[in-house]
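See below for the structure under consideration.
The values are calculated or read from the model by the stated rules, or taken from the named source; none is laboratory data. What you are looking at is a predicted structure, and each value in this text was computed from that prediction instead of being measured. We place every Cβ from the backbone using ideal geometry, glycine too, and count neighbours over all the protein chains shown. Only protein heavy atoms, including side chains, enter the accessible area calculation; ligands, DNA and RNA are left aside. Shrake-Rupley method; radii C 1.70, N 1.55, O 1.52, S 1.80 Å.
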Amino acid sequence: MTDYKNILLIKMSSLGDILHTLPFAAELRKLYPKARITWLVHPQFAGFVPDPPIIDEIIYFDKKKFKSMSWSEKWRYFHELKDLLHSKHFDLVLDMQGLFKSAVMAAISGCDNRLGYGELREGSSLVSKAIKGAHSQDHVIERYLDVARYLGAKVPVGELDFPMPNLDKETESVKLKLAAKGLPENTEYVVMVPGARWETKEWPPSHYAELAQLIAADGRYIVLAGGPDDVGKGAVIKELSKSEAVLDLTGQTSLRELAALIKGCCVYISADTGPLHFAAALKKPLVAMYGPTKADRTGPYGSKNSTVLISRASCAGCLKKHCKTWYCMADISPAEVYEIYKQKLKAINTAADE
């Protein structure tokens, strides 16, 4: 096995994809305990790049800033990034994104030894060597780990290490925010995240509201969470639920605070969205609703506490971001989710009594 000294891992977005890459990063560190490992990422997703000793350094490519620049500014920014990458003298580059943007970063890294995971797209296979292992048709985490296996790692399927940051500070700030919203101290709560990157992945707000009513009727609090784009959905669900037990924190937490919020919940519920993978990595009891995406490829993975409800629609798994006849997610009823939720609670109580 080659003893690499300076390694660049490229995974710039999105939140779920960053979290899916964490087990690979952990295995990479085990393979090369003395190497300097650098992660190239968009700033908004850097909060969950592992701390040392797993990752030594973070380099940012600010996509949002780049888009707003003039052409002359873009050219200068691009060359400054190129010079920075060259100065690191990488002897291995790992493109775990597999898109045009990551291929460009790999190409300007100054390193000729470039590998990528098995699904290199948008021309990235012309820049890096795609590694397809025995799990090329399995969950994306296993596809990433096939690159580690290619490099010499011995990783059993399903035995995953998610290196998560210390969330003590964020846990305290979340407690204050929940108290300000009216959650009594030491009270259990359920987290629901209504948003998703694709409109077709979202469960209808009316369904969340109906589910919240069912849960609230049992005397439990529900916390709505998510990013700034989810604020409108949170407000609608809060209004439709007509319940004081529904607390709306959408758009009011950082990513790390959102993770701390999920860490403290008793059950997590959402469709296919980035925070779902926080819950899976933290081994929280969770219920996930899937329609256009494929749970066997990108669903919650590595936790026995996960239950996925897949739409019965014949077109489920279509991978369409937009749909003129979209109904697959609405076909999953609040009553179905509530039944699974109750099973999760029963399992929690049984384990506590043992």
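Can you name every residue in the stretch 305-314 that is over 18 Å from the mean Cα position of the chain (by Cα) and either open to solvent by 60 Å² or more (accessible area, probe 1.4 Å) or at pLDDT 90 or above (or both)? Give the derivation first.
The initial filter retains those residues of the stretch 305-314 that are over 18 Å from the mean Cα position of the chain (by Cα), namely 309-314.
Within the stretch 305-314, Leu309, Ile310, Ser311, Arg312, Ser314 meet the criteria.
Which residue is least open to solvent (accessible area, probe 1.4 Å), if the candidates are limited to the stretch 137-159 and must be more than 18 Å from Leu31 (Cα to Cα) and out of contact with any strand residue (DSSP E or B) (no Cβ under 9 Å at 6 or more places or on another chain)? Walk me through how you get there before you give the answer.
Start the filter on the stretch 137-159 by keeping residues that are more than 18 Å from Leu31 (Cα to Cα), which leaves 137-140, 158.
Right, trim to out of contact with any strand residue (DSSP E or B) (no Cβ under 9 Å at 6 or more places or on another chain) and you get 137-139, 158.
On the way: Gln137: 135, Asp138: 63, His139: 7, Gly158: 36 Å².
Once the filter is applied, the top-ranked residue is His139.
Which of the residues spanning the stretch 74-103 are open to solvent by 60 Å² or more (accessible area, probe 1.4 Å) and assigned to a helix (DSSP H, G or I)?
Trp75, Arg76, His79, Glu80, Lys82, Asp83, Leu84, His86, Ser87, Phe100, listed by residue number.
What residue, among those in the stretch 227-236 that are of a type outside the set (Lys, Arg) and within 23 Å of the chain's Cα centre (by Cα), is surrounded by the fewest Cβ atoms within 10 Å (Cβ to Cβ)?
First, pick out the residues of the stretch 227-236 that are of a type outside the set (Lys, Arg): 227-232, 234-236.
Next, only the ones that are within 23 Å of the chain's Cα centre (by Cα) stay: 227-232, 234.
Values: Gly227: 20, Pro228: 10, Asp229: 12, Asp230: 23, Val231: 16, Gly232: 14, Gly234: 26.
Only one residue fits best here, namely Pro228.
Output yes when any residue across the stretch 173-189 is in contact with a helix residue (DSSP H, G or I) (Cβ under 8 Å, 6 or more places away or on another chain), touching a residue at least 24 places away in the same chain (Cβ under 8 Å) and open to solvent by 20 Å² or more (accessible area, probe 1.4 Å), and no when none is.
Among the residues of the stretch 173-189, at least one is in contact with a helix residue (DSSP H, G or I) (Cβ under 8 Å, 6 or more places away or on another chain), touching a residue at least 24 places away in the same chain (Cβ under 8 Å) and open to solvent by 20 Å² or more (accessible area, probe 1.4 Å), which makes the answer yes.
For (1) buried (at least 17 other Cβ atoms within 10 Å of the Cβ); (2) over 21 Å from the mean Cα position of the chain (by Cα); (3) farther than 30 Å from Gly158 by Cα; (4) at pLDDT 95 or above, each residue gets a yes or a no:
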position: Arg114; (1), (2), (3), (4): yes, yes, no, yes
position: Ser124; (1), (2), (3), (4): yes, yes, no, no
position: Lys129; (1), (2), (3), (4): no, yes, no, yes
position: His135; (1), (2), (3), (4): yes, no, no, no
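Evaluate the following for Tyr301: is it of a type in the set (Phe, Trp, Tyr), closer than 30 Å to Leu145 by Cα, touching a strand residue (DSSP E or B) at 6+ places or on another chain (Cβ under 9 Å) and touching a residue at least 24 places away in the same chain (Cβ under 8 Å)?
For Tyr301, the condition - of a type in the set (Phe, Trp, Tyr), closer than 30 Å to Leu145 by Cα, touching a strand residue (DSSP E or B) at 6+ places or on another chain (Cβ under 9 Å) and touching a residue at least 24 places away in the same chain (Cβ under 8 Å) - is not met.
In the stretch 242-283, how many are open to solvent by 10 Å² or more (accessible area, probe 1.4 Å), without any contact (Cβ under 8 Å) to a residue 60 or more places away in the chain and within 20 Å of Leu214 (Cβ to Cβ)?
Residues flagged as open to solvent by 10 Å² or more (accessible area, probe 1.4 Å), without any contact (Cβ under 8 Å) to a residue 60 or more places away in the chain and within 20 Å of Leu214 (Cβ to Cβ) within the stretch 242-283 amount to 3.
Which is modelled with pLDDT under 95 and under 19 Å from Pro285 (Cβ atoms), of Asp218, Asp229?
Every option except Asp218 fails the conditions.
Of these, Pro43, Pro50, which one is within 17 Å of the chain's Cα centre (by Cα), of a type outside the set (A, V, I, L, M, F, W, C), more than 20 Å from Leu145 (Cα to Cα) and at pLDDT below 95?
Step by step, each of Pro43, Pro50 is checked, and only Pro43 is within 17 Å of the chain's Cα centre (by Cα), of a type outside the set (A, V, I, L, M, F, W, C), more than 20 Å from Leu145 (Cα to Cα) and at pLDDT below 95.
When only residues in the stretch 158-193 that are among the polar types (S, T, N, Q) and outside any helix (DSSP H, G or I) count, which is farthest from Leu211 (Cα to Cα)?
For the stretch 158-193, the residue satisfying everything is Asn166.
Suppose we filter the stretch 55-71 for residues that are free of Cβ contacts under 8 Å to residues at least 40 places away in the same chain and either in a loop (DSSP other than H, G, I, E, B) or surrounded by fewer than 15 Cβ atoms within 10 Å (Cβ to Cβ) (or both); how many remain?
Qualifying residue count for the region: 11.
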